[in-house]
1. One residue is enough: does the stretch 197-206 have a residue meeting the conditions touching a strand residue (DSSP E or B) at 6+ places or on another chain (Cβ under 6 Å), over 29 Å from residue 24 (Cβ atoms) and within 16 Å of the ligand (Cβ to nearest atom)?
2. Which of the residues spanning the stretch 206-224 are in contact (Cβ under 8 Å) with a residue 40 or more places away in the chain, part of a helix (DSSP H, G or I) and surrounded by 13 or more Cβ atoms within 10 Å (Cβ to Cβ)?
3. Residues 232, 227: which one is surrounded by fewer than 19 Cβ atoms within 10 Å (Cβ to Cβ) and within 15 Å of residue 129 (Cα to Cα)?
4. If only one of 118, 157 is more than 24 Å from residue 87 (Cβ to Cβ) and either polar (S, T, N, Q) or within 15 Å of the ligand (Cβ to nearest atom) (or both), which one is it?
5. Looking at 177, 83, which one is in contact (Cβ under 8 Å) with a residue 12 or more places away in the chain and more than 24 Å from residue 224 (Cβ to Cβ)?
6. Only residues in the stretch 150-169 that are touching a residue at least 60 places away in the same chain (Cβ under 8 Å) and not assigned by TED's automatic domain parsing to the domain that holds residue 225 count as the first member; pair them with residues that are surrounded by fewer than 17 Cβ atoms within 10 Å (Cβ to Cβ) and not in a strand (DSSP E or B), Cβ under 8 angstrom, at least 6 apart or cross-chain, and list the lot.
7. Would you be able to say whether some residue in the stretch 107-115 is away from the ligand (no atom under 16 Å from the Cβ), at negative phi and not in a helix (DSSP H, G or I)?
8. Here are some residues: 194, 173. Which one is closer than 30 Å to residue 114 by Cβ, modelled with pLDDT of 95 or more and more than 10 Å from the ligand (Cβ to nearest atom)?
Amino acid sequence: MIYQQKGVMIRQTNYSESSRIITILTEEGRQVPLMVRGFNKTNSPFIVLRQGIKEFLFTYSRFKGMGTLNEVDEVLSFKKVNGDFDIYSHASYVLELIIKALEEDVLQESFYRLLIRSLTLLEEGSQPAGVVAFCAIKMLPYYGGEMNVTECAICGSKDYKEFHNYSFKYHSVICAGCMDDETGERSVPISNRVLYLAGFLKHVAVGNVDSISITEENARKLLKFTELIYDEYTGVYFKSRKLLQSY
Ligand SMILES: [Zn+2]
């Protein structure tokens with residue numbers, strides 16, 4: 001059977017001197033392994049696959065198991081993402097956040113939409129660290145984590161301007177009025193602006209985010225906070241994260 005689907009290449013491995021096996025994540029959120037004959041040849045028609053993170057239209061034949069790639073056409077080339085090392089590093093982080101949560105034979109159409117939205121935000125100039133945080137916050141439940149930033153764990157206040165700390169004892173925010181030695185145990189101070197942004201990105205629909213226009217400083221703080229949550233609740237290691245820590 002011949003298929004034609006949009007997708008992003010998420011893995012590749014050499015199969016022989018000239019051929020490679022790639023795995024694509026299709027627009028319907030399915031992982032499909034494909035044999036790409038002649039991938040490593042200099043005149044390969046599949047050369048575009050080597051040029052960074054892009055969305056392609058894949059034409060392939062497949063019966064069961066591994067398919068064979070027949071044709072590939074660029075859909076979204078993400079020129080800015082692939083041309084700037086800093087933005088590209090953030091895009092790699094986004095991709096890793098998506099890939100690590102994929103499970104064999106589970107369709108994750110929402111992952112694909114989140115991936116394309118995040119890459120588009122990066123391409124269109126949103127704060128890179130803010131985009132990674134957005135993607136990480138949306139993916140958190142799939143890693144078994146939680147982040148509660150809507151009301152104070154002690155008094156239930158929803159006045160985010162008063163939010164003061166994030167508590168790993170109550171797994172939630174605590175407002176300034178409720179902070180004391182005992183309630184503040186195992187908590188970290190997080191600015192209310194960052195907590196507000198985190199809450200906004202947690203609840204907003206992915207398709208409704210047209211840009212993430214926050215200061216670079218807030219974007220980095222937001223990502224740091226999100227990573228703190230990941231460290232506490234998931235223990236997942238992302239190798240792209242290390243790349244970002246160098247600056
Ligand atoms: Zn309170």
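1. No - not one qualifying residue is present in the stretch 197-206.
2. Matches in the stretch 206-224: 206, 218, 219, 220, 222, 223.
3. Details: 232 fails: within 15 Å of residue 129 (Cα to Cα).
It is 227.
4. Working: 118 fails: more than 24 Å from residue 87 (Cβ to Cβ).
Exactly one of 118, 157 is more than 24 Å from residue 87 (Cβ to Cβ) and either polar (S, T, N, Q) or within 15 Å of the ligand (Cβ to nearest atom) (or both), namely 157.
5. Values: 83 fails: in contact (Cβ under 8 Å) with a residue 12 or more places away in the chain.
None of the others qualify; the one that does is 177.
6. Final answer for the pair search is 166/228; 168/186; 168/232.
7. Taking the stretch 107-115 as the starting set, the residues that turn out to be away from the ligand (no atom under 16 Å from the Cβ) are 107-115.
Now narrow it down to the ones that are at negative phi: 107-115.
From what's left, not in a helix (DSSP H, G or I): 107-108.
Yes: the stretch 107-115 contains one or more residues that are away from the ligand (no atom under 16 Å from the Cβ), at negative phi and not in a helix (DSSP H, G or I).
8. Details: 173 fails: more than 10 Å from the ligand (Cβ to nearest atom).
The match here is 194.
The values are calculated or read from the model by the stated rules, or taken from the named source; none is laboratory data. Computed from a predicted model, the values in this text were never measured in an experiment. Here the Cβ is made from the backbone with ideal geometry for all residues, glycine too, and neighbour counts use every protein chain on show.
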